[in-house]
Amino acid sequence: MPKKKYQVEFSIKSSPSLLYNYISNPSGLSEWFADNVNSRGEKYTFIWDGHEESAFLMKSKQDTYVRFQWEYDEDTKYFFELTIVEDDLTNDVSLVITDFAEEDEVEESKQLWESQIEDLKKILGSV
């Protein structure tokens, strides 16, 4: 069954450069996204409760976005991307998540992202 693409956006009180460190570096990702994150080149290993999943860093642009693809999605069009958007007028910063999920799992997947981003906001003092 094909996965459905979706996006969720979160307002984050942070500078784009600080936020970028938390979404792109293993040490930053370990603070909110997974229990531990290791990287070897473009391959990142995410660890939750002893369970490991690997993803490849497909693209990134300093202070703007990172795009990963889970190893099990290799050779597909599926990925997850975290994009930092700064409003030119207000300087408000948002984090836009683009991800894919099975049709009946989209809401659950969005809730998981909401939970993860709440952890990120606490670490950034953005709550």
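The values are calculated or read from the model by the stated rules, or taken from the named source; none is laboratory data. Note that the coordinates shown come from a computational prediction; the quantities given were computed from them, not determined experimentally. Please note: Cβ atoms are built from the backbone with ideal geometry, for glycine as well, and neighbour counts cover all protein chains shown. Heads up: the accessible areas ignore ligands, DNA and RNA and are worked out on the full protein's heavy atoms, side chains in. Shrake-Rupley method; radii C 1.70, N 1.55, O 1.52, S 1.80 Å.
Some values worked out for this structure:
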item: Conditions (1) over 15 Å from TYR22 (Cβ atoms); (2) open to solvent by 70 Å² or more (accessible area, probe 1.4 Å); number of the one not met by THR76; result: (2)
item: Residues located in segment 93-114, provided they are open to solvent by 80 Å² or more (accessible area, probe 1.4 Å) and within 15 Å of the chain's Cα centre (by Cα); result: GLN111, LEU112, GLU114
item: For VAL37: the one exception among (1) touching a Pro at 6+ places or on another chain (Cβ under 9 Å); (2) without any contact (Cβ under 8 Å) to a residue 40 or more places away in the chain; (3) surrounded by fewer than 17 Cβ atoms within 10 Å (Cβ to Cβ); (4) not small (Gly, Ala, Ser); result: (3)
item: Search result, residues across segment 45-73 that are exposed (fewer than 13 other Cβ atoms within 10 Å of the Cβ), of a type in the set (D, E, K, R) and on the phi > 0 side of the Ramachandran plot; result: ASP49
item: Residue list for segment 25-51, restricted to those being under 23 Å from LEU95 (Cβ atoms) and assigned to a loop (DSSP other than H, G, I, E, B); result: ASN25, PHE33, ALA34, ASP35, GLU42
item: Odd one out for ILE117, checked against (1) buried (at least 16 other Cβ atoms within 10 Å of the Cβ); (2) of a type outside the set (S, T, N, Q); (3) more than 11 Å from the chain's Cα centre (by Cα); result: (3)
item: Residue tally, condition touching a residue at least 40 places away in the same chain (Cβ under 8 Å) and buried (at least 16 other Cβ atoms within 10 Å of the Cβ), over segment 9-30; result: 9
item: First in segment 88-103 and over 13 Å from LYS5 (Cα atoms), second anywhere and open to solvent by less than 10 Å² (accessible area, probe 1.4 Å) and not in a strand (DSSP E or B), Cβ under 8 Å, 6 or more apart; result: VAL93/LEU19; LEU95/LEU19; LEU95/ILE23; LEU95/ILE117; LEU95/LEU120
item: Of all residues making up segment 60-92, the number that are among the basic types (Lys, Arg), over 12 Å from the mean Cα position of the chain (by Cα) and within 24 Å of GLU102 (Cβ to Cβ); result: 1
item: Residue count, segment 79-92 (criterion: out of contact with any helix residue (DSSP H, G or I) (no Cβ under 6 Å at 6 or more places or on another chain) and crowded, with 18+ Cβ neighbours inside 10 Å); result: 3
